[in-house]
Structures are given as structure tokens and as C-alpha cells.
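Step one of this worksheet: look at the structure below.
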């Protein structure tokens, strides 16, 4: 038997309009207790919304795309950071009655094609370079770009204070006495996330009285295996380095694995700081010192903004920047040599 909104309303003792608002994500004027009661009754009765009918009535598809770049035939979910972001987006949108279309983007022009090719209400862009976002020329669909410093007026940026994060890493390492430092991350020319982290790191190093030239740089992709390969050759390529700042935890953990294979002890022989504070960072041995970003808050803010824009926002706004903090664990110690 088909369960109707009126069935739920009768069981909950509220109006059909209230039930409709809850089911369609329009909950601003509905109390939390009523939302919980309506949702519990709907679940118990086995209510299944008629997505097609709802979309026709509202002129919406209730579909939001999560677009992720795919490089060199790799899976779009190879990174723990990406998995956490996509999972959070899906959770927030599902609770508001929306569906998430997950799509890997192999070529730059595919972003606009993917947005235009589906009946989307909005899209969240995850881990794209600013240069790719700069060239998006799609109007009429809310677009939220995570970790973006693009000035494209068609997108709304939600990001972490990457400059501050880099500064905290540099201050922690120089404060521990390190003078020969290595920065490891993707190419940072053109600024963006990695560029901001590098500039913050360099600022802290200079503020500590060191020459910016004391920072060696390794341009390496953000993956465990690329980090491991760097760890395997790090002592040969950078024998003077006493500490490393890696722009992502997964990269830092890979570097630690490569160093371990070479018999290099962390932090006794080399200190290392990551960035993200992924759950796995607490499981390494030693546990990884890292720059923590509030990933849950960032994802929640992205979901909130895209839904607000879909449901009547007033267009582009200033980027949202969330704070960071240093989480000290076990991978930083004073150097054996200054």
C-alpha cells in the first residue's frame, strides 16, 4: 500500500503542509522535535517519496553533483580525504531530501559538460585546481568549490585557512630547532591551496630569522605511494634536511613508510608534519603531528551554501574560510644537528 503524506500527518498529529516541508527539506519553521517525529513515522510506515512528481512540481531534480578530478586512470575515491568529503556531502544532502550524483572528471572541459548534461540543482567541486575553476562558464546553477582560491564569480569558495596552516607548521619546526627544511607537495605555482600553505610556511621560516632559501622543495603528487617513493630517496636527495612539511597527511604517511624501509627513524633522525588530521594520522607509529582542519565543518558549510542557493539564495558571495590548529603527536623532535 502506498503511504501518503496525509497518512504521516494523521499519525504525527500535524498538518500535511508540515509533513511536506519536512520531506522536502524546508525545515526552517519546523521544530526539531516535530522533524524527528515526522521522520520516525515516515520511516516506520515505509514512506517513499515520488521523486519524479516532486521534481516536476518544484521544477527541480533534487540532484546535486559532486564532481571530482580523476588523474591517470586512477579511482576518484583513492584518497581518504576525498572519501571523507564525499561521504559528508552525501549525508548532509540526503538529510535534506536531495540525491548526490558522483562523477569523475577526466578532462578540464568535462566540468561544464557534466554540469550541463544532467538536470542538476547544483554542484560541489572537490579538489580541482584554481585554473580549472577559473574557466568554468556555466550560469544558472549554484556551484560551490571546496578548497578554491579562484575568483570565478560563478562559484562560491569554501576553504581552510591554508596560509595559517603552513605558518603553524613552519613555526613548529623552527621552534623545535630545525634549520634545514623540506616542503613536499604538488606544484604550487599559481597559488591555490598548496601555494597558500607554502607561503605560510615560508613566512614562518623567515620570521624565525632563517633565509627562505633554507627550504628545499619536492614537487610530488598527493598520494601514499608518491610519498613512499619520496621517503625511499629522501636521504640521498636531501641529506641536509632535518624536517619535512608535507601538504597532506596521506603524503606524510607515505614518506614515513619510505623512510622506515630505509631504516630512517622518525622523529629521531627526521621530523615530519602533515596537513588534514585524518583519522589515520593517529594510528601511525609514531602518531603523526599535523595541521588539523575541521573537515566536517567545511563539508557542512559547503552543503549548507549549495542548498541555500538552490532554495532561494541571492547569488555569489564572499568565500568562507575556516580555521586550523596544530595537533602535536609524535613526529617532531629537536634535530640531532642544527
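Read the figures in this text as sums done on the coordinates, not as results from a lab. None of these values were measured; they are calculated from a predicted model. Ideal geometry is used to build each Cβ from the backbone, glycine not excepted, and the neighbour counts take in all protein chains shown.
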Legend entry - Angle in degrees between helix 80-94 and the longest Cα principal axis of the chain, rounded to the nearest 10: 20 degrees
Legend entry - Inter-label distance for residue 77 and residue 35, nm, one decimal - labels placed 7 Å from Cα along Cα-to-Cβ: 2.7 nm
Legend entry - the chain: most fluctuating residue of 165, 104, 209 per GNM, C-alpha cutoff 10 Å: 209
Inset, instruction - Among 81, 178, rank each residue by its count of other Cβ atoms within 10 Å, from fewest to most, as a rough exposure measure. - result: 81, 178
Legend entry - Translational diffusion coefficient (Stokes-Einstein; Kirkwood radius from C-alpha pairs) of segment 199-259 at 20 °C, 1.002 mPa s, in µm²/s: 177 µm²/s
Inset, instruction - Take the alpha carbon atoms of segment 196-221, find their center, do the same for segment 7-22, and report the distance between the two centers in whole angstrom. - result: 59 Å
Inset, instruction - Sort the following peptides by mean Cβ neighbour count (other Cβ atoms within 10 Å, averaged over residues), highest first: 238-249, 263-274. - result: 238-249, 263-274
Inset, instruction - Write down the percent of antiparallel bridges among all DSSP beta bridges whose residues are both part of the chain, to the nearest 5. - result: 10 percent
Inset, instruction - Please say if segment 180-338 is rounded, prolate or oblate, where rounded means a/c under 1.5 for a ≥ b ≥ c the square roots of the C-alpha gyration tensor eigenvalues, and otherwise the choice is prolate for a/b larger than b/c and oblate otherwise? - result: prolate
Legend entry - Per-residue Cβ neighbour rank within 10 angstrom, fewest leading, 20, 61: 20, 61
Legend entry - Residues 118, 167, sorted so that the one with the fewest Cβ neighbours within 10 Å comes first: 118, 167
Inset, instruction - Over segment 184-338, calculate the relative contact order: mean separation of alpha carbon pairs under 8 Å at least 6 apart, over the residue count, as a percent. - result: 20 percent
Inset, instruction - Please determine, in degrees from 0 to 90 and to the nearest 10, the orientation of helix 249-261 with respect to the longest principal axis defined by the Cα atoms of the chain, where the helix direction is its Cα long axis. - result: 40 degrees
Inset, instruction - Note the angle between two axes, namely the Cα long axis of helix 192-207 and the longest principal axis of the Cα atoms of the chain, as a number of degrees from 0 to 90, rounded to the nearest 10. - result: 40 degrees
Legend entry - For segment 164-273, average projected area of the Cα convex hull in nm²: 5.9 nm²
Inset, instruction - Decide, for segment 5-49, between rounded, prolate and oblate: order the square roots of the alpha carbon gyration tensor eigenvalues as a ≥ b ≥ c, take rounded if a/c falls under 1.5, and otherwise choose prolate if a/b is larger than b/c, else oblate. - result: rounded
Legend entry - Residue-averaged [θ]222 nm for the chain, counting only DSSP H segments that reach four residues, each worth -39500 (n - 2.57): -12500 deg cm²/dmol
Inset, instruction - Return a whole-number percent for the relative contact order of the chain, with Cα pairs under 8 Å and 6 or more residues apart as the contact set. - result: 15 percent
